[in-house]
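Below: the structure, in structure tokens.
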Amino acid sequence: MTDDADVVSGWTRYAGLVERYHTWPTLRRQNVAEHTWHVLRIYFELFGPPPPGVTTHILFHDCGEMGGGGDVEYGAKRRSPQLKRLTDKLQEEALRELLGEDKYEMAARPIGDRQKCQIKACDLLEMMEFAAEEKMAGSETAAPLWKRVRSALDELPLHPEDRARVKSHVSDVERRMWRLPWNT
């Protein structure tokens, strides 16, 4: 087995089973593996094939949740920078332990600030798509999630070209998935 194949075996497989939105009422459950697939898909749709460092970052971006406190609610981390720092530290330590030092260094290779913002935008867009699916299924709790994600996207320091792509994607989601009576 190659080093790359070894990274995605063992305990890292179980990291994909960590449940998202466990503090938010949803009609269906989503796990980290499903979320990660959609983040990667959205990145590809908006920015083209991701370079290896971006792919690796997306692949492992939530794996630390397995041993680092789970999927701590985004709004709580946004309201409390101290909680975000602590959660980030715990999840980094968990990912380091999960992968081992040599594999962690491979997964934690630095990427540029623009790519980090692109990935964060894709992460948020995936949350928005999930909220859209929840709304289509009849969820009454999807609207606040949508609004928070939209606000976070507006605050993200995106390159103007990337912001245009993100706005276009949001418009596509709105047009394709449903009409938003609460999206004003």
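The values are calculated or read from the model by the stated rules, or taken from the named source; none is laboratory data. None of the values given here were measured: they were computed from a predicted structure. We place every Cβ from the backbone using ideal geometry, glycine too, and count neighbours over all the protein chains shown.
Restricting to segment 113-131, count the residues that are surrounded by fewer than 20 Cβ atoms within 10 Å (Cβ to Cβ) and under 10 Å from Leu145 (Cα atoms).
0
Here is a list of conditions, (1) surrounded by 15 or more Cβ atoms within 10 Å (Cβ to Cβ); (2) under 23 Å from Val18 (Cα atoms); (3) over 15 Å from the mean Cα position of the chain (by Cα), and Glu92 meets all of them except one; can you say which number that is?
If we test Glu92 against (1) surrounded by 15 or more Cβ atoms within 10 Å (Cβ to Cβ); (2) under 23 Å from Val18 (Cα atoms); (3) over 15 Å from the mean Cα position of the chain (by Cα), just (1) comes out false.
Looking only at segment 10-50, count every residue that is of a type in the set (S, T, N, Q) and either in a loop (DSSP other than H, G, I, E, B) or in contact (Cβ under 8 Å) with a residue 40 or more places away in the chain (or both) and tell me the total.
We begin by selecting, within segment 10-50, every residue of a type in the set (S, T, N, Q); these are 12, 23, 26, 30-31, 36.
Imposing the further condition that a residue be either in a loop (DSSP other than H, G, I, E, B) or in contact (Cβ under 8 Å) with a residue 40 or more places away in the chain (or both) reduces the set to 12, 23, 26, 30.
Final tally of qualifying residues: 4.
Which residues, counting only those in segment 52-83, are at pLDDT 80 or above and of a type in the set (Lys, Arg)?
Within segment 52-83, the first condition is being at pLDDT 80 or above, and the residues that meet it are 52-60, 79-83.
Residue satisfying the conditions is Arg79 alone.
Charged (D, E, K, R) and more than 28 Å from Gly48 (Cβ to Cβ) - does that describe any residue in segment 123-134?
Within segment 123-134, one or more residues are charged (D, E, K, R) and more than 28 Å from Gly48 (Cβ to Cβ).
Give the residues of segment 140-184 that are small (Gly, Ala, Ser), modelled with pLDDT of 90 or more and closer than 22 Å to Tyr21 by Cα, sorted by residue number.
Ser151, Ala152
Residues checked against (1) modelled with pLDDT of 70 or more; (2) out of contact with any strand residue (DSSP E or B) (no Cβ under 9 Å at 6 or more places or on another chain); (3) loosely packed, with under 14 Cβ neighbours inside 10 Å; (4) among the aliphatic types (A, V, I, L, M):
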position: Val7; (1), (2), (3), (4): no, yes, no, yes
position: Arg13; (1), (2), (3), (4): yes, yes, yes, no
position: Arg20; (1), (2), (3), (4): yes, no, no, no
position: Trp24; (1), (2), (3), (4): yes, yes, no, no
position: Val32; (1), (2), (3), (4): yes, no, no, yes
position: His35; (1), (2), (3), (4): yes, yes, no, no
position: Ile42; (1), (2), (3), (4): yes, yes, no, yes
position: Leu46; (1), (2), (3), (4): yes, yes, no, yes
position: Pro49; (1), (2), (3), (4): yes, yes, yes, no
